[in-house]
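Chemist: A single structure is presented below for examination.
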Amino acid sequence: MKEKTWLYRVLSAAGSKTQYDEYVKRILGSRQVLARILKGAVPEYNRYSIDEIIQWIEPDIEIADTPPQPGGKNNFDTRITGENTESKIPGEGTINYDIRFRAFLPGNNETEKIKLLLNVEAQKNFYLKYHIVTRGIFYGARMLSEQLNSEFTDSDYDELKKVCSIWICMNSPLHIGNAMSEYRISKQDIIGYIPEQKRCYDKLSVIIICLNETDGKDLRGSLHGFLNTLLSPYMDINKKEEILTRDYGMIMEYELEKELRQMCNLSEAIEEKALQEGFEKGILLTKKVLKLSAEGLNDTEIAETCEIPEENVRAILEA
């Protein structure tokens, strides 16, 4: 008997709401999805296969506001799980990450294996009240500083792990279109030459991936083609399944084993609970928008306060 994968079920449930916060984090939290993002966007993973990368993503991974998914033999079908997406350091404020995880790169032996700390964030719009790259650098810097007493202690700074903050910007303007840029620490010898290995200073990378589904370019087989298909609010689930399976090798169904049947039932119950929580958050947001409007704030001020697009503010006020 064939059973649809967890990722298929989430995409099907999302429908046209794929880009909504409660859905997009769950979709991007799939190991199948993250492995393809790493291969297409992070240089260290370019030469490895998707199957290899999936196996190198650690299991104790965190997604904001997402309950745990039971494990199973079909590792490709599991999403990364966890609860601690909040970073709070006295005097440095609080950061709430969308997705945090650790991944490895192999070496010739165990001592040469490299660990990277990664963060993936989804943005529905490119232009915000701040520059995304600046926020990405701040997130990366926090991921570096909080390694003290977890990845290294005292003055053992050589154990500092590289961090990578990946920002996926949906609906980018046409003049940017489908683009990707990386911002990283690099070395420039100004006078003379200091013989320092790259791995000692290459510790922070911010990658911005801009998506535009309507720019008309043929993106089949590329990371941008994959993400535009995956996160499209216009494409129906059957078309998505066809493209993701045919062009990107995504596994959207598998043979259902007896011990997995209970796991699937539990996972559906968890998803229903998460959707209900998302509905309740929507009610709270609506109340907040109406309260701010009653206090005399205009649409732009309300949008900035609530961190939502102005058109969402107008939709709530006109409902």
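The values are calculated or read from the model by the stated rules, or taken from the named source; none is laboratory data. Computed from a prediction, not measured in an experiment: that's the story for all the values here. Here the Cβ is made from the backbone with ideal geometry for all residues, glycine too, and neighbour counts use every protein chain on show.
Chemist: Considering only segment 237-254, I want to know if a residue exists there that is part of a strand (DSSP E or B), surrounded by 13 or more Cβ atoms within 10 Å (Cβ to Cβ), among the hydroxyl-bearing types (S, T, Y) and at pLDDT below 95.
Modeler: yes
Chemist: Now for a separate question. Condition test on F138, is it touching a Pro at 6+ places or on another chain (Cβ under 9 Å) and closer than 24 Å to V24 by Cα?
Modeler: Judged against the criteria, F138 is not a match.
Chemist: Just the residues that are in contact (Cβ under 8 Å) with a residue 60 or more places away in the chain and crowded, with 19+ Cβ neighbours inside 10 Å, please, taken from segment 6-18.
Modeler: Listed by number, the residues that qualify are W6, L7, Y8, V10, L11, T18.
Chemist: If you scan segment 203-235, which residues turn out to be exposed (fewer than 12 other Cβ atoms within 10 Å of the Cβ) and without any contact (Cβ under 8 Å) to a residue 24 or more places away in the chain?
Modeler: Correct list: G216, D218.
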